[in-house]
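Each remark here refers to the structure printed beneath this line.
Please treat every number below as a calculation from the coordinates, not as lab data. Just so we're clear, the structure is a prediction, and the values are computed from it rather than from any experiment. Reconstructed Cβ throughout: ideal geometry from the backbone, glycine too, with neighbour counts over all protein chains shown.
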Amino acid sequence: MYGLTAEDRRIRDTAHDFVETLIPYEVEAELAGGMLPKELTAEHQARAIELGLHATNIPTSAGGAGCSALQQVLVQEQTGRVTNGLAWVMHTPPQWWVDVASQYQRERWLLPTVRGEKHEAYAITEEFAGSDVSALQTTARREGDEYVIDGTKWHVTSFNLSDYVFVQARLDGGDYAGEHVLLVVDLPWPGVEVVRTPHYSHHIADEHPIVSFTGVRVPVSHLVGAEGEGMTFTQDWFRFERVMVAARCVGAAQRLVDEMTAFAQTRVIDGRPLGEYQLVAGMLADSATELFAARTMLYEVARSIDAGVDRKALHGQASMAKLYCSEMAGRVADRAVQIFGGRGYMRENVAERMFRELRVERIWEGASELQRIIVARQLMTRGPSALLNPG
Ligand SMILES: Cc1cc2nc3c(=O)[nH]c(=O)nc-3n(C[C@H](O)[C@H](O)[C@H](O)COP(=O)(O)OP(=O)(O)OC[C@H]3O[C@@H](n4cnc5c(N)ncnc54)[C@H](O)[C@@H]3O)c2cc1C
């Protein structure tokens, strides 16, 4: 099915079996605000590394698993089957960094991250710069051999668990004034402070605090790439992450289809299984059909990446995959809650957790509206066939 090779299936099945060992901890994590005992999480992470499920997106030359895009998708699809971020231990470090990291950056951050010894966070979004990243106000100004960073970032995912953070800032002065840079800041670091840690709809161990950077000084060796290139890396990350969001959404929908079908088979109302009632049968059929369409599309996009299809076309296709798969998963989660009825509103039920957790997939890494804009803009500027049939 789907033309997967024996190796593709092996990797997928390894991830599937690993994820099956995480699922039993979901409710415990949910009721504890996303936290499992530290030793248990460490054990899960060690197991993910041992199984080759960590850093699947990093080439072997940098110590990663060197998986194809399709194989990365197969692994992330399994990640999406688990709630409460428990499968985030199948972590994908910043793959865009491999080609541009200096030797110093490689040794200090990249390789330890690929080995699972360090963890990173991204500080890009601000209170008034989210969808419009270009509007960000955080500044970086060069002073001798240092950059000085000032600004406040929002939703900095995993900040509480990270050893360093990428900060995107606007250059204040110099040849590239007004353009963006990406700087690495070790954590903790003087001048970096958590303003507050808001609570979000999901319950996971990774927090998303608001973080202020006040006169934060980092050596110029912490600059990723060159001045003015900050946006390029963020675009690369978005393109990659949008496909992985799509993959996790497909996995989540698969879990929900499995669970709601099982419920519809066993819950008997007036002598008949729930799934035989046509209104419920329709919800099941629509969910399975949309899931099938989403997965087929996702794998095709992954194959296009592996085939080295034109970068612009891939950017548009990644948006289409993210848009369709995240919205599909949202619809499936809504139907799953409905089919489970009152049970579907209980936090111990997977549909309830997915219903909340999947909502953000339509917002982060570019809201659905932004994905639609990207797709429509490509149609208008390059024509439909460049996007839909790039060859
Ligand atoms: C849980 C969580 C974790 C996150 N983690 C990180 C992180 O680690 N690092 C980081 O930097 N950021 C992170 N983000 C930020 C995330 O990427 C942004 O929330 C997202 O890009 C949307 O930006 P915004 O929230 O500022 O919404 P806004 O830009 O204020 O937009 C609000 C809404 O307006 C609509 N909209 C916006 N622009 C347009 C348009 N041009 N046309 C039509 N409609 C439009 C969309 O519906 C959008 O949802 C995270 C967010 C969340 C919720």
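Some observations on this one:
- Separation between Cα centres of the range 169-227 and the range 1-18, rounded to whole Å: 38 Å
- Rounded to the nearest 20, the Cβ-based charge dipole of the range 154-311 about its Cα centre (Lys and Arg +1, Asp and Glu -1) stands at 360 debye.
- Calculated [θ] (222 nm, deg cm²/dmol) that DSSP helices of n ≥ 4 give over the chain, each run adding -39,500 (n - 2.57): -15000 deg cm²/dmol
- C-alpha long axis of helix 278-306 to longest principal axis of the chain, angle in °: 40 degrees
- Taking every lysine pair in the chain that is 8 or more places apart or spans two chains, those with Cα atoms closer than 26 Å amount to 4.
- 5 Å-binned pair-distance histogram of the range 89-145 (Cα, whole percent): 4, 15, 18, 15, 18, 20, 9, 1
- Label-point gap, in nm, between L161 and D17 - each point 7 angstrom along Cα→Cβ: 2.5 nm
- Backbone HN-Hα couplings from phi across the range 145-162 [Karplus 6.51/-1.76/1.60, Hz, Gly and Pro as x]: 9, 10, 10, 10, 9, 9, x, 10, 10, 10, 6, 7, 4, 6, 3, 5, 10, 9
- Residues listed by number, the range 58-79, amide nitrogen under 18 Å from T5 label point at 7 Å toward C-beta: 58-61, 64-76
- Taken along the Cα-to-beta-carbon direction at a fixed 7 Å, the label points for M380 and I363 span 2.7 nm.
- Against the main long axis of the alpha-carbon atoms of the chain, helix 368-382 sits at an angle near 70°.
- The packing ranking of peptides 273-280, 13-20, 146-153, 164-171, highest mean first, is 164-171, 146-153, 13-20, 273-280, where packing means the average number of other beta carbon atoms within 10 angstrom of each residue.
- Stokes-Einstein translational diffusion, the range 241-291 - Kirkwood Rh over all Cα pairs, 0.890 mPa s, 25 °C, in µm²/s: 208 µm²/s
- Our estimate of slack between T289 and T197, defined as 0.36 nm per intervening residue step minus the Cα-Cα distance, is 29.2 nm.
- Once Rg and the Kirkwood radius are both taken over the C-alpha atoms of the chain, their ratio Rg/Rh works out to 0.98.
- Spatial separation of Cα centroids for the range 271-330 and the range 76-118, in angstrom: 26 Å
- Ordering of 348-354, 265-271 by packing is 348-354, 265-271, highest average first (other Cβ atoms within 10 Å, averaged per residue).
- Between helix 230-266 and the chain: long-axis angle, C-alpha atoms, 0 to 90°, nearest 10: 20 degrees
- Charged-residue dipole, Cβ positions (Lys, Arg, Asp, Glu), the chain about Cα centre, Debye nearest 20: 840 debye
- Applying a 4.7 Å cutoff between beta carbons, the unpaired cysteines of the chain are C67.
- Most mobile listed residue (M231, M328, M90) in the chain, GNM with C-alpha springs under 10 Å: M231
- Protection proxy ranking for 64-73, 80-89, using the average of other Cβ atoms within 10 Å per residue and placing the highest first: 80-89, 64-73.
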